[in-house]
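J.: Dumping the structure here so I can ask a few things about it.
The values are calculated or read from the model by the stated rules, or taken from the named source; none is laboratory data. As the structure is a prediction and not an experimental result, all values here were calculated from the model. Every residue, glycine among them, receives a Cβ derived from its backbone with ideal geometry; neighbour counts consider all protein chains shown. Remember, those area values only see protein heavy atoms, side chains included, never the ligands or the DNA or RNA. Shrake-Rupley method; radii C 1.70, N 1.55, O 1.52, S 1.80 Å.
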Amino acid sequence: SDQKVTHSESPQAKKSQQAEEAIFYKNCRAAYLTVLKSSLENIKSKEQLRLVLQQAGRNPSQKTVNKYWTSQTTTLNFDDFCSILKEETPATKTELLEAFRKIDRDNTGYILHDELYKILTTKGEKMTLDEVSAITNLADFNCSGKLDYKKFCDLYMATSEQCCKTALEKLEVDGRLKRQQFGSEGETSTDGITLPVLKPSPKISRKTDHKLAPTKGDSRTPSRPLSAQGCKASVSSTISMDASSNRNTKLIEPHTIKEWQCAQSRGCFYLEEDGEIISHKYRLHIPHRSTVCITIKPLNLRQVEGKSCHWLSVDTALYVLKENETQENLQLVSFTEQQNKEMSGWKGELASGFYWLLPFTTGCRLKKVKTQITGEAKLVYRGEDSELALTKECRAALLDIFETIDLDGNGLLSLEEYNFFELRTSGEKCDEEAWAVCKENFDMKKNELTRQGFLDLNLMEANDREGDPSDLWVTLLSLGYNKALEMTEACPFVIDIYAEKCKPRIKAIYLEAGSWQLNRAICKSVVNKGDAKVMDGCENIIVYTYRMGTRITSVIENKSENKVIIHVNNEQSKNCLSNRGLTVFAVEVAPKSITVSQHVMPLNEQEEWLYNCVHSLL
């Protein structure tokens, strides 16, 4: 449907959208280069992050800074910065005035300094007395112990605009900066920045992981766009795909192995606020050597008329790792590279022992997308008896959630299954004592929570808040739903393991982000099966590309003793969707290491797509 909308847009609309995108990235560059020397230089501290955000016209609170600079953060690059600006839109004058008017209930246009001190030093993100005094001492909008907040808002907006204007003027004056190649854009031209027509609005992943790939029989032609001409060395890859080749790899159908023993588990990919994807991780036990067939596909929940089923188009895969002496020592066995429609799978022989199944999705289709929501869905209502009840739409969403977290699919929630739900929604676990209390108050069978019990438990949260659905919204939003009760930031899936000579057993162990073992497995699979190309003029840099089903993945190997920065250019690609959300970007590769470059998929699987990528050494 997205593709149809693109084709139906008028040339004027497309040109206008491209112009808006160009202005946005120009403002990003201007703000970034006011604080840093180059767009390839990383933000190295919270203070630097605050400064570049201020130069972009934002006024970030400490909470906002902490949201993007966590205890695990060491650096943020230019692409991360663009992503943050997409999320943190500047406050408008109307929004600021509305906030002040909530305090000025008499609508006088003023707020007493005493009241301002009390609010700013005791509520929300608390300010110090000196910080508040810095505001109240400014003569431009203070008089007689009162703050004229309309004048304050005018000065705030003017200052914000001036910051942006100053940064742009510096960018225009400094020709060296203007010509510089930036992490998210190609060459500039007299008409502005050329953006790809077929790509959706840019979305930057916080990860620097990415991949690409060629397969035997695919056409490859050299390509060297203008943006690579200033680089020391480069290597190009081109793969042309028709629509019929997107999902035609051979995969044994489960119905042909009905006599085999089967184990099944459900799970889910969840999209975090920063764009990172977390999912369940599984431990598999194979009692005896056997031929097995392992598959994964999106879980097909109810189809509701008028509601999108976005998650059904999300790509899914599994990496199979053998556990040796310890759980830390994992060895890649295989991955689900075969595909049959939305299902991916692998068939082969496994020795007896324990294995780890690590689900994976590229992030090409499961990503942050801003959608226009006409109105917030209603979650609860009071019936004729004044009793609180869940609306039909809320019940349906909660029942879908139940199906997703019911990992073994038996129609009941065990304490273990329920705790994955609790960890996701509240960050805490329910212990045996609390579970016993649940058993006394909600419907259970065999010490497991029923669907009705699950609904009643969630309704209780609204009852506890006298009908306020805030806690219900926390649950729904954390599980991937938006305010229209559409699942847009999660992808439930189902894993099936068929074994010919034994009974396999699978158990969900963790719910976490992709581990270093998964990243290493992805790199190793591409190196083992992909097409290797040594970079012209630099034998220490090798780019591996591999195509599996509808996905192309590339990794970069740096054999040298020094860190390198690789410029990646996809400008010549057509009908392609990258997990980076960018046409041109830079990847930093540490000495003696391998890094994922990008994952690419067709934007529209019903049409031909051309992957054309140039990796260049800066």
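J.: Any idea how many residues of region 387-427 are on the phi < 0 side of the Ramachandran plot, out of contact with any helix residue (DSSP H, G or I) (no Cβ under 6 Å at 6 or more places or on another chain) and assigned to a loop (DSSP other than H, G, I, E, B)?
T.: The total comes to 8.
J.: Collect the residues in region 334-354 that are assigned to a strand (DSSP E or B), under 26 Å from the mean Cα position of the chain (by Cα) and either at pLDDT 90 or above or more than 20 Å from L312 (Cα to Cα) (or both), keeping them in residue-number order.
T.: Within region 334-354, S334, F335, M343, S344, G345 meet the criteria.
J.: Looking at (1) hydroxyl-bearing (S, T, Y); (2) assigned to a helix (DSSP H, G or I); (3) not assigned by the TED database to the domain that holds N27, can you tell me which one T108 breaks?
T.: Of (1) hydroxyl-bearing (S, T, Y); (2) assigned to a helix (DSSP H, G or I); (3) not assigned by the TED database to the domain that holds N27, only one is false for T108: (2).
J.: Of these, R58, R101, R105, which one is open to solvent by less than 60 Å² (accessible area, probe 1.4 Å) and either farther than 25 Å from A586 by Cα or among the basic types (K, R) (or both)?
T.: Of R58, R101, R105, the one residue that is open to solvent by less than 60 Å² (accessible area, probe 1.4 Å) and either farther than 25 Å from A586 by Cα or among the basic types (K, R) (or both) is R58.
J.: Of all residues in region 546-579, count the ones that are in a strand (DSSP E or B), open to solvent by 30 Å² or more (accessible area, probe 1.4 Å) and in contact with a Ser or Thr (Cβ under 9 Å, 6 or more places away or on another chain).
T.: 2
J.: Could I ask something else about it? Can you name the helices (runs of 4 or more DSSP H) wholly within region 430-545 that have at least 2 residues being under 17 Å from A396 (Cα atoms) and over 30 Å from the mean Cα position of the chain (by Cα)?
T.: 451-464
J.: Hey, any hits in region 53-74 for a residue that's touching a Pro at 6+ places or on another chain (Cβ under 6 Å) and assigned to a helix (DSSP H, G or I)?
T.: Checked against the condition, which is being touching a Pro at 6+ places or on another chain (Cβ under 6 Å) and assigned to a helix (DSSP H, G or I), region 53-74 yields at least one hit.
J.: Considering only region 357-367, I want to know if a residue exists there that is more than 18 Å from S265 (Cα to Cα) and open to solvent by 40 Å² or more (accessible area, probe 1.4 Å).
T.: No, the conditions are met nowhere in region 357-367.
J.: Of (1) under 27 Å from T316 (Cβ atoms); (2) out of contact with any Lys or Arg (no Cβ under 8 Å at 6 or more places or on another chain); (3) among the charged types (D, E, K, R), K439 satisfies all except one. Which?
T.: (1)
J.: Against the definition (in contact (Cβ under 8 Å) with a residue 40 or more places away in the chain, more than 30 Å from N419 (Cβ to Cβ) and open to solvent by 50 Å² or more (accessible area, probe 1.4 Å)), how does E588 come out, yes or no?
T.: It is true that E588 is in contact (Cβ under 8 Å) with a residue 40 or more places away in the chain, more than 30 Å from N419 (Cβ to Cβ) and open to solvent by 50 Å² or more (accessible area, probe 1.4 Å).
J.: Could you please tell me which pairs satisfy a Cβ distance under 8 Å, a separation of 6+ or placement on different chains, a first residue in region 128-149 that is farther than 25 Å from Q62 by Cβ, and a second residue that is open to solvent by less than 40 Å² (accessible area, probe 1.4 Å) and at pLDDT 85 or above?
T.: Note: pairs meeting the criteria are G145/H113; K146/I111; K146/H113; D148/G109.
J.: Another question, then. All but one of (1) crowded, with 21+ Cβ neighbours inside 10 Å; (2) over 30 Å from W346 (Cα atoms); (3) of a type in the set (G, A, S) hold for G537, so report the exception by its number.
T.: Going through (1) crowded, with 21+ Cβ neighbours inside 10 Å; (2) over 30 Å from W346 (Cα atoms); (3) of a type in the set (G, A, S) one by one, G537 breaks only (1).
J.: Something else about it: Can you name the residue in region 320-354 that is farther than 30 Å from A243 by Cα and of a type in the set (G, A, S) and, of all such residues, is surrounded by the most Cβ atoms within 10 Å (Cβ to Cβ)?
T.: G353
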